[in-house]
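So the structure is just underneath, and the comments pick up after that.
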Amino acid sequence: MFGYVMPCKMELKVRDYEKFKAYYCGLCHTIKDQYGNLPRVTLNYDMTFLAILLDSLNEKPLASKQIVCALHPLSKKLILYDNDPLKYAAECNIVLTYYKLIDNINDDDSLQSKLAIKVLKKHIKDSNLNSYIKESLNKLYKMEGEAYKYNIDEISHCFADLTAYIISQYVKNNAELKEKLYWLGYNLGKWIYIIDAWDDLEKDMKHNKFNLINALYNKDNLSFQELNNKVKENIDFILTSCAYSCFVSLKNLPIKKNQELLCNILELGLLEKMDTVFKRSELVNGQSL
Amino acid sequence: MGNPYEILGVREGASKEEIKKAYRELAKKYHPDQYGANPLKDLAEEKMREINEAYEYLMRNASDGYSGSSYSSSTNYTNTNDYRNTSNYGNSNIYSSIRSDIQRGNYAAAETALNSISTRDAEWYYLMGMVHMRKGWYDSARNYVSTAYNMSPTNPEYRDAYNSMNRNNNNYRSNYYGRTTRNDECDFCIKLWCLDTLCECAGGDLIGCC
């Protein structure tokens, strides 16, 4: 996962903004407590959303404290601690990053990734989660290698299903809730996978790297601008449909807290991100910070 | 429309079976889906519409005995809804069971059943579109539904399904884009009040009561 799921900050109440930061810092410190300092660099916003969503399903009050963080020594930070969804999100973060790095090595054999893998390797334990992530990503990379055989829905299914698995696997013994979380996760995963490819399109084409959109839609060797004009409407339609389905399925979940924050992320945050990636943002939200 | 016999490439007075066979071959050849994002797709869609119209016309008139002069002036062939019933009498039972599968949420069964049908008409594309929509396969869902809509443009169900895909997205978007202009009415009132005050300063009055 790559860090696209964020709130629309301008429309957030200060209370919710502080809460989002507390989850974010809390996740960072959970990674530190469980895996050490180095893996903290793998932290990303998508995993923060995972923690917030799963934590919102229980009624437990938030346990928070103020600390002085070594990374920000000048101000005190409010963080959440001793929180099961945060621990789960930390684990997912580590395992996903690990397999992402392995893929990087296969792509460009970078020294940086090799070192990072050494650090993470000892934390990768045998578990259902681990093997599911491994299998799904392997399947995905294999499909990407022969992308011409598939359409965009078929390829993105792997990643969408993986995200859905990660989100719904946290809940035990409640098939109905699991199913609802699966659908939200499926749409969110698809959204993340496609927006990531769309965001990197220009860069990937320049450096001659694999890009999903380029592989699927550019059979006539178009330039970036031509390809962009050709498929923009299509990609926009798919992304908006996914984001809309996420938002609708949030409404069907038994959310116990963080309602406004979650609504903000799925109703406004996803669209704001799309605006940035489609380079329409200055038209609507000129004063973005 | 041109001569429906010419469009389908069959001789005048051909039997229903021959017309059907010619139609199937042309549909296979011109089906817009296989063109993906190719620019030829629009042309293929146009051609497909023509083929559908010709086919419907001939199938409806084959039993009445077709007279060479009536088709060109015929205006009564806007009722494309029958298309489903005439061409698919064999499939209608299967379709209704697929529909109930979809309603019950059993999408896998519906998809398997659809895949086993070889004659693909508007209803087939519509139902396949619905299944893909529920799977979250929005791109192919839109292709299927728009094919159904193109094959049978007057069918209200297909048209609604096609429009609602875009409508939902637009409504969702409007929450985001509309959030900065929420206070429009209030703004209007204040402008009116200012205007009234200015008029009063100048000795006139815009709103009598204040």
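For the residues B:M151, B:M133, the requirement of being more than 19 Å from B:R99 (Cα to Cα) and surrounded by 19 or more Cβ atoms within 10 Å (Cβ to Cβ) singles out B:M151. Taken over the stretch A:134-158, residues that are open to solvent by 30 Å² or more (accessible area, probe 1.4 Å), under 22 Å from A:Y182 (Cα atoms) and acidic (D, E) amount to 2. Per this entry, A:T42 is counted among residues that are within 28 Å of A:W198 (Cβ to Cβ) and open to solvent by 20 Å² or more (accessible area, probe 1.4 Å).
When each of A:L239, A:L216 is tested for being modelled with pLDDT of 95 or more and open to solvent by less than 60 Å² (accessible area, probe 1.4 Å), the lone residue that passes is A:L239. Inspect all residues belonging to the stretch A:103-113 and state whether any of them is of a type outside the set (A, V, I, L, M, F, W, C), modelled with pLDDT of 85 or more and surrounded by 12 or more Cβ atoms within 10 Å (Cβ to Cβ). Within the stretch A:103-113, not a single residue is of a type outside the set (A, V, I, L, M, F, W, C), modelled with pLDDT of 85 or more and surrounded by 12 or more Cβ atoms within 10 Å (Cβ to Cβ).
Taking the stretch A:204-283 and the helices (runs of 4 or more DSSP H) fully enclosed by it, the elements with 2 or more residues that are within 13 Å of another protein chain (Cβ to nearest Cβ) are at A:212-217, A:224-251, A:270-277.
Among residues belonging to the stretch A:1-53 that are under 24 Å from A:K256 (Cα atoms) and among the hydroxyl-bearing types (S, T, Y), point out the one that is farthest from the other protein chains (Cβ to nearest Cβ). Step by step, filter the stretch A:1-53, then rank; the result is A:T30.
Checking A:E144, A:E135, A:E179, A:E154 one by one, the residue that is more than 22 Å from A:D103 (Cβ to Cβ) and assigned to a helix (DSSP H, G or I) is A:E179 and no other. Contact annotation: residue pairs with Cβ atoms under 6 Å, 6 or more positions apart or on different chains, pairing a residue in the stretch B:157-179 that is under 22 Å from B:S146 (Cα atoms) with a partner that is β-branched (V, I, T) and open to solvent by less than 60 Å² (accessible area, probe 1.4 Å), are B:A161/B:V145; B:Y162/B:V145; B:N169/A:T240.
Apart from one condition, A:W191 fits all of (1) within 13 Å of chain B (Cβ to nearest Cβ); (2) open to solvent by 10 Å² or more (accessible area, probe 1.4 Å); (3) aromatic (F, W, Y); the exception is (2).
Within the stretch A:92-120, the set of residues being in a helix (DSSP H, G or I) and among the polar types (S, T, N, Q) comprises A:N93, A:T97, A:N104, A:N106, A:Q112, A:S113.
The values are calculated or read from the model by the stated rules, or taken from the named source; none is laboratory data. Bear in mind the structure is a predicted one, so any value in this text is a computation, not a measurement. In this analysis, Cβ positions are derived from the backbone assuming ideal geometry, glycine residues included, and neighbour counts consider all displayed protein chains. To get the accessible areas, we keep the full protein, side chains included, count just its heavy atoms, and leave off ligands, DNA and RNA. Shrake-Rupley method; radii C 1.70, N 1.55, O 1.52, S 1.80 Å.
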